[in-house]
1. Against the conditions (1) surrounded by 14 or more Cβ atoms within 10 Å (Cβ to Cβ); (2) within 16 Å of ligand 2 (Cβ to nearest atom); (3) of a type outside the set (Lys, Arg), where does GLY109 fall short? Just the number, please.
2. Please specify each residue of segment 177-198 satisfying the condition of being surrounded by fewer than 22 Cβ atoms within 10 Å (Cβ to Cβ) and either under 20 Å from LEU255 (Cβ atoms) or not assigned by TED's automatic domain parsing to the domain that holds TYR165 (or both).
3. Of all residues being in contact (Cβ under 8 Å) with a residue 60 or more places away in the chain and more than 14 Å from ligand 2 (Cβ to nearest atom) in segment 200-224, which is farthest from LEU142 (Cα to Cα)? Just the residue, please.
4. Out of segment 159-188, which residues are in contact (Cβ under 8 Å) with a residue 40 or more places away in the chain, within 13 Å of ligand 2 (Cβ to nearest atom) and within 15 Å of TYR208 (Cβ to Cβ)?
5. Assess whether MET89 counts as being in a helix (DSSP H, G or I), without any contact (Cβ under 8 Å) to a residue 40 or more places away in the chain, buried (at least 19 other Cβ atoms within 10 Å of the Cβ) and more than 16 Å from ligand 2 (Cβ to nearest atom).
6. Of the residues in segment 23-48, how many are at pLDDT 85 or above, part of a helix (DSSP H, G or I) and open to solvent by 40 Å² or more (accessible area, probe 1.4 Å)?
7. Have a look at GLY95, GLY99 and point out the one that is surrounded by fewer than 17 Cβ atoms within 10 Å (Cβ to Cβ), outside any helix (DSSP H, G or I) and in contact (Cβ under 8 Å) with a residue 40 or more places away in the chain.
8. Tell me which residues, restricted to segment 225-234, are more than 11 Å from ligand 2 (Cβ to nearest atom), without any contact (Cβ under 8 Å) to a residue 40 or more places away in the chain and either within 18 Å of LEU143 (Cβ to Cβ) or over 17 Å from the mean Cα position of the chain (by Cα) (or both).
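The values are calculated or read from the model by the stated rules, or taken from the named source; none is laboratory data. These numbers come from a predicted model, not from an experiment. Cβ coordinates were reconstructed from backbone atoms using ideal geometry, including for glycine residues, and neighbour counts include every protein chain displayed. Note: areas computed on protein heavy atoms with side chains; ligands, DNA, RNA excluded. Shrake-Rupley method; radii C 1.70, N 1.55, O 1.52, S 1.80 Å.
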Amino acid sequence: MLPKRVDTILQTVDQLRPMPSNVTRLLRELENPGVTAGVISDHIGLDQALAALIMQMANSALLGYGRTCTSINDAVVRLGFKRIKSIVMASAATGSMNGSLRGYRLGAGQLWNHSLAVAVSAEWVAQVVRYPNPEEAYVVGLLHDMGKLLLDQYVLSDYTKIVDYMHRYQISLWQVEEKLIGIDHATVGGLMAERWQFPMTMIDGIRYHHNPSGARNNPSLAAVVNMANAFATRHNMGIPDLHVKSIHPHSIQILRVDPDKLDLYQKHVDQMLEASS
Ligand SMILES: [Fe+2]
Ligand SMILES: [Fe+2]
């Protein structure tokens, strides 16, 4: 029974559309050292949904901006090419992150808001622990839970059992997914990232965001996102996960964080996120 379901899920991942060619072209342009903001804006302008998202991000209080950007060109200049690249990747990968997830009990926009909060928190944690690439932490923060998009229907059909297991065995949601569905949302997200040929470190960052020491490539990234996820989850949205706010002890070791400072970090992230809401 179990393996068959996992097979179906793996097939679904295999059948995901590849990144559209306009997205890969745009990502390539962003790597081009001589490219101008004008050229990038023109590319973005061809894709209405992406243009809307870029405008929304450039005027987002969460990112500390005022609502003053009125053109795509302004938005591109304000956000910078690195951030544009993260947003392009995230929007292509998770076109439907704004919808609701009935299985996970997440209303419209809740997964996206959570992902954005984790992204902002991950970028900050990366800076604090001197992780060399905070932008990478940001984008993995945006994408870390994308496997939920695919697992939602299975969680929906097993909902009562899932909640019952969590309480009976006192384990986290992702562990229950593994037990009952045969695969968890982090692993599914990692497979999606693999399907789209994301860099290895990002694949592992997503795949191991709940158990960072499993990552063979760069466990620090998974640890940063694991910590950021715990910091950014102020309210228990969706399925009441018992351990939603707990940082994996390995993250603290991997990042060599002084445990006495965790409360302070939590407060800082709270303030950052509060200022934006
Ligand atoms: Fe997760
Ligand atoms: Fe999360």
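1. Tallying (1) surrounded by 14 or more Cβ atoms within 10 Å (Cβ to Cβ); (2) within 16 Å of ligand 2 (Cβ to nearest atom); (3) of a type outside the set (Lys, Arg), GLY109 fails exactly one: (1).
2. none
3. Within segment 200-224, the match that is farthest from LEU142 (Cα to Cα) is SER220.
4. SER172, HIS185, ALA186, listed by residue number.
5. Answer is no for this residue.
6. Within segment 23-48, the subset at pLDDT 85 or above is 23-47.
Now drop any that are not part of a helix (DSSP H, G or I), which leaves 23-31, 37-45.
If we keep only those that are open to solvent by 40 Å² or more (accessible area, probe 1.4 Å) too, we end up with 24-25, 28-29, 31, 39, 42-43, 45.
Of the residues in that region, 9 qualify.
7. Values: GLY99 fails: in contact (Cβ under 8 Å) with a residue 40 or more places away in the chain.
Only one candidate passes the filter, namely GLY95.
8. Selection gives nothing.
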